[in-house]
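The values are calculated or read from the model by the stated rules, or taken from the named source; none is laboratory data. Everything quoted here is computed from the prediction, not taken from an experiment. With ideal geometry, Cβ positions are generated from the backbone for all residues, glycine too; neighbour counts draw on all protein chains shown. Surface accessibility is based on the protein's heavy atoms, side chains included, excluding ligands, DNA and RNA. Shrake-Rupley method; radii C 1.70, N 1.55, O 1.52, S 1.80 Å.
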Amino acid sequence: MKPAPFELVRPATVDDAVAVLADPAADAKPLAGGQSLVPLLAMRLATPATLVDLNTIGSLTGIDDTADERVRFGAMTRQSTLVRSRRHGLVAHASAWIGHTAIRSRGTIGGSVAHADPSAELPSVAVACDGVIGVAGPDGSRTIAAVDLFESMLETTLRSDEIITEVTLRRPQRWGFAEFARRDGDFALVLAVIAEVADGWRVVLGGVGPTPWRCRDAERLLDDSATDMSGLDEAILDAVADTVETFDDVHASAEYRRAMAAEFTARALADMADREPGDA
Amino acid sequence: MRDVELAVNGRVRALRVDDRHTLADALREQLGLTGTHLGCEHGVCGACTVLVDGEPVRSCLMFAAQAVDAEITTIEGLAQPDGTLHPVQQAFSDCHGLQCGFCTPGFVLTAVHLVETHVVDAAAGPLDRDAIRHELSGNICRCTGYQGIVDAVERAVEIRLR
């Protein structure tokens with residue numbers, strides 16, 4: 001299995017990368033860590049004429065704190081760095097669930113978000129942490145809220161001549177995470193992220209629909225609880241089970257996914273209860 | 001086609017690669033380093049794992065032209081020049097950590113990174129059998145000789161900490 005022929009362009013700057021992507025004659029796609037795109041090339045499910053390698057652009061790496069208490073991740077920050085850096089407890093914890101060590105050595109935060117697999121960890125984490133996605137294109141840069149980026153399964157609102165330059169996330173005061181995959185390192189059948197961010201709670205489930213799904217009813221229950229969360233768990237799980245719109249496929253029935261969505265929401269709540277505040 | 005220089009097992013090698021050649025293709029077909037095995041060629045089986053700047057990487061998911069600024073270690077680069085095996089190789093031999101051998105180079109390089117990371121950071125906790133199985137779960141052995149492989153990694157840690 002070999003990719004169809006293509007030209008590899010290795011630009012030094014974001015502007016150079018965008019210029020190639022904006023040239024219709026180039027028929028170009030951006031290449032981040034390659035852990036999803038290269039298999040698609042090998043199976044010839046994707047046959048771009050040009051690949052724009054983002055690995056040579058130094059300005060796309062680095063992690064720093066912003067003035068408004070967020071953490072800014074350069075788009076080409078490796079998932080192995082996310083796990084090791086501990087700059088954002090939820091990101092570090094969730095990233096350790098991505099694939100295997102050898103996948104995380106190359107895979108990046110921007111690549112995972114751009115690929116928009118609804119069963120992947122980082123898209124759901126980005127939605128739960130009110131992610132803001134920095135994007136560069138031929139007309140300059142803009143930002144997209146994570147919740148507006150994910151359009152459908154593997155589909156985003158990015159234009160074909162844009163690249164993600166950074167992912168900026170709130171640091172939750174409290175969070176919990178739980179995931180089920182049939183084999184170690186597989187994409188999740190279902191994953192749940194619960195986070196208390198600046199102005200309220202986020203309850204996000206991955207793997208149940210075409211994009212990361214926010215359970216607004218469960219969020220409202222948590223928001224209305226002020227500080228007393230006792231006795232809430234049952235109502236939260238009911239809210240998830242009653243409102244999730246999920247699907248049948250070869251891996252699981254919709255009914256099984258619905259039951260697992262509620263169960264893994266319960267486990268994420270339990271995970272949150274077990275964590276020290278310092279984990280944020 | 002483009003001319004590149006790759007630093008492989010401590011030697012800089014000049015070669016001419018097609019843009020679509022993976023690192024695995026260049027290692028095997030241009031440099032004759034056929035110890036790197038290709039199983040699935042789409043990142044699932046782990047057989048082609050090599051070390052790039054000390055980190056395990058699927059060499060089927062990286063293009064050769066992307067490896068120009070990196071130090072690459074393949075299975076051929078582990079033993080001493082006099083033939084003395086790397087501790088991980090010795091442990092695989094001692095514990096019968098291989099049967100047909102096809103998956104072995106990928107397992108050994110994954111294990112080298114795991115063992116060396118653990119030796120540097122032993123304070124991170126014991127490398128028990130569950131942790132070893134978890135770390136090796138990205139490498140598939142179709143002989144299913146996993147018991148011997150897990151034994152070998154435990155033994156390699158013992159050898160390195162001795």
Output for region A:180-207, where each listed residue is farther than 25 Å from B:S137 by Cα and outside any strand (DSSP E or B): A:A198, A:D199
Neighbours by Cβ (under 6 Å, 6+ apart or cross-chain): first from region A:31-51, facing chain B (nearest Cβ under 9 Å); second among the aromatic types (F, W, Y): A:L51/A:F6
Hits in region A:83-99 (condition: within 14 Å of chain B (Cβ to nearest Cβ), surrounded by fewer than 24 Cβ atoms within 10 Å (Cβ to Cβ) and either part of a loop (DSSP other than H, G, I, E, B) or among the polar types (S, T, N, Q) (or both)): A:R86, A:A96, A:W97, A:I98
Check on B:Q89, away from every other protein chain (no Cβ under 14 Å), of a type outside the set (V, I, T), under 30 Å from B:V4 (Cβ atoms) and in a helix (DSSP H, G or I): yes
Residue list for region B:68-85, filter: touching a residue at least 24 places away in the same chain (Cβ under 8 Å), surrounded by fewer than 21 Cβ atoms within 10 Å (Cβ to Cβ) and assigned to a loop (DSSP other than H, G, I, E, B): B:V68, B:A70, B:L78
Residue in region A:126-144 that is touching a strand residue (DSSP E or B) at 6+ places or on another chain (Cβ under 7 Å), open to solvent by less than 10 Å² (accessible area, probe 1.4 Å) and within 22 Å of A:D274 (Cα to Cα) present: yes
Matching residues, region A:136-176, being under 15 Å from the mean Cα position of the chain (by Cα) and among the polar types (S, T, N, Q): A:S152, A:T156, A:T157, A:T165, A:T168
Of the criteria (1) more than 10 Å from chain A (Cβ to nearest Cβ); (2) not in a loop (DSSP other than H, G, I, E, B), which one B:Q99 fails: (2)
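Please pick out the residue among B:R133, B:R142 that is within 21 Å of A:I103 (Cβ to Cβ) and away from every other protein chain (no Cβ under 14 Å).
That would be B:R142, the only listed residue that is within 21 Å of A:I103 (Cβ to Cβ) and away from every other protein chain (no Cβ under 14 Å).
Do we have B:A124 as within 12 Å of another protein chain (Cβ to nearest Cβ), at pLDDT 90 or above and more than 17 Å from the chain's Cα centre (by Cα) here?
no
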Selection within region A:8-53 - under 18 Å from B:A67 (Cα atoms), of a type outside the set (G, A, S) and open to solvent by 20 Å² or more (accessible area, probe 1.4 Å): A:V9, A:R10, A:P30, A:Q35, A:L37
Flag for A:S59 being in contact with an Asp or Glu (Cβ under 9 Å, 6 or more places away or on another chain), under 23 Å from A:L31 (Cβ atoms) and not hydrophobic (A, V, I, L, M, F, W, C): no
Selection within region A:190-207 - over 13 Å from A:V127 (Cα atoms), surrounded by fewer than 21 Cβ atoms within 10 Å (Cβ to Cβ) and touching a residue at least 60 places away in the same chain (Cβ under 8 Å): A:A198
Of the criteria (1) crowded, with 19+ Cβ neighbours inside 10 Å; (2) assigned to a helix (DSSP H, G or I), which one A:D148 fails: (1)
Residue that is surrounded by the fewest Cβ atoms within 10 Å (Cβ to Cβ) [pool: residues in region B:14-67 that are charged (D, E, K, R), assigned to a strand (DSSP E or B) and facing another protein chain (nearest Cβ under 7 Å)]: B:E55
Failed condition for A:D184, given (1) of a type outside the set (F, W, Y); (2) more than 14 Å from chain B (Cβ to nearest Cβ); (3) over 19 Å from A:A266 (Cβ atoms): (2)
Which listed residue is part of a loop (DSSP other than H, G, I, E, B) and out of contact with any Asp or Glu (no Cβ under 7 Å at 6 or more places or on another chain), from A:A114, A:A4, A:A102: A:A4
Residues of region A:113-135 satisfying the condition of being under 11 Å from the mean Cα position of the chain (by Cα) and among the charged types (D, E, K, R): A:D117, A:E121
